[in-house]
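The values are calculated or read from the model by the stated rules, or taken from the named source; none is laboratory data. Here the structure is a predicted model, which is why all the values come from computation and not from measurement. As a convention, Cβ positions derive from the backbone with ideal geometry for all residues, glycine included, and neighbour counts pool all protein chains shown.
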Amino acid sequence: MGEIQENSDEQAGATVQTRRRGAELERAILDAAWEQLTAEGYEHFTIDTVAARARTSKPVLYRRWKTREDLLRDTVRHRGAADTPVVPDTGTLRSDLLALLGQANNARNPMAALVSSMLGSYYNQTGPTPSELRETFLSQRGSAVRQVVDRAVERGEIDPARLTPRIVDLPFDLFRNEAMMTLKPVPDHVLRQIVDDIFIPLVTPQPPTH
């Protein structure tokens with residue numbers, strides 16, 4: 001794909017005359033697109049509104065993104081790459097998981113903001129599902145919980161025979177459900193319940209039977 005660049009004649013009347021191009025311009029547009037999506041929701045996420053928020057012209061966006069769905073996917077992928085979590089390594093599965101959930105539980109959780117922005121108008125719009133967008137969001141980074149789980153297997157805290165992709169995803173599936181039901185940070189005692197009462201008992205090696 002060719003380099004994106006703003007053209008001075010397309011910027012006639014714009015409030016900012018600074019010429020941007022290439023990666024700098026694309027980052028600015030995608031940052032503005034994320035702000036537009038989370039501030040006003042998917043219903044008001046259009047090429048026009050993103051161009052206005054990015055203080056550029058519609059032709060600049062249309063040279064790179066033919067539809068708003070194309071722009072949406074790149075916006076989510078861009079944000080996901082920018083929000084890569086720090087993978088904790090405390091020495092125990094329990095502490096690692098609680099630290100990872102704690103990172104996700106901040107008030108500006110990007111996935112919660114994303115799904116919330118889609119919900120208001122989702123049933124009246126044609127576009128990617130929240131599940132598809134989650135996969136796009138995570139596509140540019142490895143799974144932090146997978147790294148935590150793999151280290152716990154090496155330490156003998158987890159029986160690998162008890163792991164399936166669904167079980168590995170379980171702590172964050174439960175976390176997202178709690179977060180989306182209230183649109184608020186999940187209480188610490190609920191995070192501990194997810195880890196202590198559900199996940200760890202499910203994956204802990206069982207003593208041999210005689």
Filtered residue count, segment 30-74, keeping only those that are among the β-branched types (V, I, T) and in contact with a Ser or Thr (Cβ under 7 Å, 6 or more places away or on another chain): 1
Members of segment 184-210 that are farther than 17 Å from A99 by Cβ and touching a helix residue (DSSP H, G or I) at 6+ places or on another chain (Cβ under 6 Å): V203
query: Would segment 192-202 turn up any residue that is over 30 Å from R73 (Cα atoms), within 21 Å of the chain's Cα centre (by Cα), assigned by TED's automatic domain parsing to the domain that holds A99 and modelled with pLDDT of 95 or more?
result: yes
message: Out of R141, R134, R108, R155, I need the residue that is at pLDDT 70 or above and of a type in the set (D, E, K, R). Which one?
response: R155
message: Just the residues that are touching a residue at least 60 places away in the same chain (Cβ under 8 Å), part of a helix (DSSP H, G or I) and under 11 Å from N105 (Cα atoms), please, taken from segment 170-187.
response: F172, F175, R176, A179
query: In segment 48-67, how many residues are without any contact (Cβ under 8 Å) to a residue 40 or more places away in the chain and over 12 Å from L25 (Cα atoms)?
result: 10
field: Yes/no for T67 being of a type in the set (V, I, T), within 14 Å of the chain's Cα centre (by Cα) and either at negative phi or surrounded by fewer than 14 Cβ atoms within 10 Å (Cβ to Cβ) (or both)
entry: no
